[in-house]
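Below you'll find the structure, written out as structure tokens, and then a few comments.
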Amino acid sequence: MSDTPDLPGEVSRRQVITRAAAIGAAIPAAGLLGACATGSSSEKKDNTKVDNSNVANPFGVKDDAALNVVIFPGGYSDKYATEVHEKMYKEKFPKATVKHEGIQDIDPVIGPRFQSGDVPDFLNNSGEKAVNMGKLVGDKQLSLLDKLWAAPSLDTPGKTVRDTLIPGTIESGSFNGESLQLNYVFTVYGLWFNANQFKEKGWDGAPKDFDAFTALCEKIKAAGVTPFGYAGANAAYYMFEVIMTSAAKIGGAGVLKALDNLEDGAWKHEAVLQAAEYWAMIGSKYSDKAFEGLKHTEVQLKQNQGSLAIYPSGSWLESEQKKDTPATFEYAMMNVPTGKTTKLPVTSVHATASEPYVIPAKAKNLAGALEYARIMLSKKGAAEFTKLTGSLTSVAGAADAVKVTPGTESAKKALSGAGKDVFTFYWADDYKDGLGLPARSATNDLFFGRIDAKKYVEVLQAAADKVKKDPSVTKIKR
Amino acid sequence: MRHGKYRFVAGFLALPVLLYVFYVWVPFGYSFYFSLTRYRGTDVPPVFVGLDNFTTLFTDTPEFWKALTHNGVILLIMPLVTIVIALIFAFFLNVGGKAKGGVTSGVRGSKFYRLVFFFPQLLALPIVAVLFQSIYRPDDSGLINGALNKLGLPKIGFLIDTNIALLSIIAVMVWQAVGFYVVLFSAGMSSIPKEIYEAADLDGASRWTMFYKVTLPLLWDNIQVGWVYLGIAAFDVFALVDVLSVNRGGPSFSTTVLSMEVVNKIGAGNYGMASAMGVMLFFCTLTFAAISLRVTKRESIEY
């Protein structure tokens, strides 16, 4: 019950990789798992002939071949498939039959079908009961998606599918360097506020650096409102997310990459130190010590009630708070500020791709499945998805013309404003035990004034060094 | 006939024993095994590493030592305070009142108090924890801090001040446990023959003398049982720490206990280490129970 709140962006790719890597190592030794079911066919026979000059049908889909699509009807429902993507597919290939299955419990229903070989062509492997990606990767049950990325975009002339995606999308679905998963939904992180409150009080909703942000906090404080805060009881993650974002802006995304790769002294990088120092100052001067004892829902409610101005979170916040948001409250997102000297512009954002789709290696209509994915990743397919679900997709700028809720709208603007400067980090999930959990504790210590920034980076550097030295932890290079 | 009797007894025992073995001993066995392995994912087989996990635990896991220390602190404070309070309450409820016609009884309204004291025991531990979340909440909406604020006093960060967070949690444990031990000790006291109290009363013994010289020795068995129960509870505390503490055992690991660290390790996918801690917890509890039963052993008095 005091679990960290769900982070939709945190579909732990890295945990999957860790496991997949471990499986890869274990298979020769133990021959475990359903390796028997697939061992013989580990070399995928992929007969699709790709002709990228044929924009209409690069994969050579047979127009009468049936396509079996399985969608997880969760938070996004499965209407986007039945009413948009499948219809678009049918329009292209009128003779084909599309067999749609909306399945809640993916693993119990689809898992056995991987064993028998009667796999769907296209699978939305999502939800609590998704088929374990580690198993699928380890057993080589999935098709490589490289052809998809290299294919021409369906409705953006002159560009490949890869070109149309937000940076980081393909990487987020890669396992040991193999691109096997399409992550379709994008979560944007930033600092959230009530646009109406800011307008009414004349506060600056887009401070560009630390000094401007401090000035803003000073104004808010003078108005009797707590300027900034997060919930220490269960959501320390939200805060080190902010520190990471500032650090990446000051020192470039390479700073985060170094942390992910457990490089020596990475935590002691000037940018991390500066970011930690700044946010510790905000914690001591412009927050409320009591927040450490509150949960994320309680702090979010305080914001809805107007006693807290700025709150760090992801783009799910608006829909999470739907029930408690008064009509006068309009969610908007500002970029995490950066230091005086900055490598990335303040408009760069931390964002992650999630909601996984895969194509089984033994799909009968492999070409059709690739084409279906290409349809999803077309501007039209993505825009319609956003229209139906209110969520942003991995297709850059696809939702620009779509009318969405105010909060999503500002996330959308932030994302398109960032352009190529989109980054994320993985260490908190990759090394949750050795680094993620210590970071939560240390971040509370820092923000609520028990340690200073120097000590903070020292503690986390020591934790990272320990992980690096631990032979039992699978390391993941980025 | 004899044979038939054994079969009868065995028939009754077989099923419970089987269930016990399957649901208690088998998981125990697994934990011991996993504690000797490196095991980080449910779909990867455990790798045997000998005592590596324990070496890491002892030499390179500060949170383990913190958790162990906190369990120790709880073990020292919580049973003692609970038993003392429960004894005092029970004494007043049963023999603390005025002697009427040579018959001692509890203070006025003792039946009502007994009910009130027992009430927290009726609530499940997580509910108690949620209740105290509201009581301890560090802002104005907290029961205590709201009142302090109205009185113009400074707020107390019950669960966010590293100096008092653990004590705040111990206080909840005591609050929750006292009722049960009041009832336990009351039952014990009511089985002490009234004549002994009457005799003491005639000899002019004060209430406190009666308590020390009569009640306490004759209640020793109950106190011993209570001590062991509370001691074992001191090694658990999971539900309270999980719900009440900040950031699962925080702030800054100031409230973490072994069971919390076990769960934290499981949550982080480090099953080998979690099992090693679980095994340590097992031995701690076992040692405590053995020692306390040995130490508190006394001749029981028959009357």
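What to note about this one:
- Screening B:Gly29 against (1) surrounded by 15 or more Cβ atoms within 10 Å (Cβ to Cβ); (2) of a type in the set (Gly, Ala, Ser); (3) modelled with pLDDT of 85 or more leaves a single unmet condition, (1).
- Complete set of residues in the stretch A:393-423 that are open to solvent by less than 50 Å² (accessible area, probe 1.4 Å), over 17 Å from A:Met334 (Cβ atoms) and at pLDDT below 90: A:Ala396, A:Gly397, A:Ala398, A:Ala399, A:Val402, A:Val404, A:Gly419
- Check on B:Phe8, surrounded by 11 or more Cβ atoms within 10 Å (Cβ to Cβ) and more than 13 Å from every other protein chain (Cβ to nearest Cβ): no
- Filter result (out of contact with any Gly (no Cβ under 8 Å at 6 or more places or on another chain), open to solvent by 10 Å² or more (accessible area, probe 1.4 Å) and either aliphatic (A, V, I, L, M) or without any contact (Cβ under 8 Å) to a residue 12 or more places away in the chain (or both)) within the stretch A:241-261: A:Ala253, A:Gly254, A:Ala258
- Any hit, the stretch A:265-285, residues being touching a residue at least 60 places away in the same chain (Cβ under 8 Å), within 22 Å of the chain's Cα centre (by Cα) and farther than 19 Å from A:Asn335 by Cβ: no
- Residue that is farthest from the other protein chains (Cβ to nearest Cβ), among those in the stretch A:106-135 that are under 23 Å from the mean Cα position of the chain (by Cα), open to solvent by 10 Å² or more (accessible area, probe 1.4 Å) and aliphatic (A, V, I, L, M): A:Ala130
- Residues within the stretch A:366-395 that are touching a strand residue (DSSP E or B) at 6+ places or on another chain (Cβ under 9 Å) and of a type in the set (D, E, K, R), tallied: 3
- Of all the residues in the stretch B:193-218, those that are outside any helix (DSSP H, G or I), surrounded by 13 or more Cβ atoms within 10 Å (Cβ to Cβ) and among the hydroxyl-bearing types (Ser, Thr, Tyr) number 0.
- In the stretch A:136-157, the qualifying residues are those that are more than 21 Å from A:Tyr89 (Cα to Cα), assigned to a loop (DSSP other than H, G, I, E, B) and open to solvent by less than 20 Å² (accessible area, probe 1.4 Å), and the one that is modelled with the highest pLDDT is A:Gln141.
- Positions within the stretch A:141-153 being under 24 Å from the mean Cα position of the chain (by Cα), away from chain B (no Cβ under 14 Å) and touching a residue at least 60 places away in the same chain (Cβ under 8 Å), in sequence order: A:Leu142, A:Ser143, A:Leu144, A:Leu145, A:Lys147, A:Leu148, A:Ala150, A:Ala151, A:Ser153
- Each residue in the stretch B:247-277 was checked for being at pLDDT 85 or above and open to solvent by 30 Å² or more (accessible area, probe 1.4 Å), and 5 of them qualify.
- With respect to (1) within 14 Å of chain B (Cβ to nearest Cβ); (2) touching a residue at least 60 places away in the same chain (Cβ under 8 Å); (3) open to solvent by 20 Å² or more (accessible area, probe 1.4 Å), the lone exception for A:Lys455 is condition (2).
- Considered as a group, the residues in the stretch B:37-90 that are out of contact with any Leu (no Cβ under 8 Å at 6 or more places or on another chain) and among the polar types (S, T, N, Q) include one that is farthest from the other protein chains (Cβ to nearest Cβ), and that residue is B:Thr69.
- Within the stretch B:148-169, restricting attention to residues that are at the interface with chain A (Cβ under 8 Å from one of its Cβ atoms) and of a type in the set (Val, Ile, Thr), the residue that is least open to solvent (accessible area, probe 1.4 Å) is B:Ile160.
- Single residue of the stretch A:66-83 satisfying the filter (assigned to a helix (DSSP H, G or I) and open to solvent by 10 Å² or more (accessible area, probe 1.4 Å)) that is nearest to A:Lys364 (Cα to Cα): A:Thr82
- Sole residue being surrounded by fewer than 24 Cβ atoms within 10 Å (Cβ to Cβ), of a type in the set (Lys, Arg), touching a residue at least 12 places away in the same chain (Cβ under 8 Å) and more than 30 Å from A:Asp121 (Cβ to Cβ), chosen from A:Lys362, A:Lys323, A:Lys343: A:Lys343
- Considering residues of the stretch A:365-389 that are open to solvent by less than 20 Å² (accessible area, probe 1.4 Å) and of a type outside the set (A, V, I, L, M, F, W, C) only, the residue nearest to A:Ala150 (Cα to Cα): A:Arg374
- Going through (1) surrounded by 23 or more Cβ atoms within 10 Å (Cβ to Cβ); (2) in a helix (DSSP H, G or I) one by one, A:Ala215 falls short only on (1).
- Remark: A:Ala332 falls outside the filter, which requires a residue to be crowded, with 24+ Cβ neighbours inside 10 Å, assigned by TED's automatic domain parsing to the domain that holds A:Ala222 and in contact with a Lys or Arg (Cβ under 9 Å, 6 or more places away or on another chain).
- Residue check, A:Asn183 touching a residue at least 12 places away in the same chain (Cβ under 8 Å) and in a strand (DSSP E or B): yes
- Residue among A:Ala411, A:Ala383 that alone is in contact (Cβ under 8 Å) with a residue 40 or more places away in the chain and aliphatic (A, V, I, L, M): A:Ala411
Residues are listed down the side, and each one gets a yes or a no for (1) within 14 Å of the chain's Cα centre (by Cα); (2) among the aromatic types (Phe, Trp, Tyr):
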residue: B:Phe211; (1), (2): no, yes
residue: B:Gln224; (1), (2): yes, no
residue: B:Asp242; (1), (2): no, no
residue: B:Glu261; (1), (2): no, no
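- Condition check for A:Ala418 on (1) assigned by TED's automatic domain parsing to the domain that holds A:Asp139; (2) among the small types (Gly, Ala, Ser); (3) more than 26 Å from A:Val61 (Cα to Cα): one failure, at (1).
- Enumeration of residues in the stretch B:134-147 that are crowded, with 21+ Cβ neighbours inside 10 Å and assigned to a helix (DSSP H, G or I): B:Tyr136, B:Asn145
The values are calculated or read from the model by the stated rules, or taken from the named source; none is laboratory data. For clarity, every value in this text was computed on a predicted model and none was experimentally measured. FYI the Cβ positions are ideal-geometry reconstructions off the backbone, even for glycines, and counts take in every protein chain you see. Heavy atoms of the whole protein, side chains included, go into the accessibility calculation; ligands, DNA and RNA do not. Shrake-Rupley method; radii C 1.70, N 1.55, O 1.52, S 1.80 Å.
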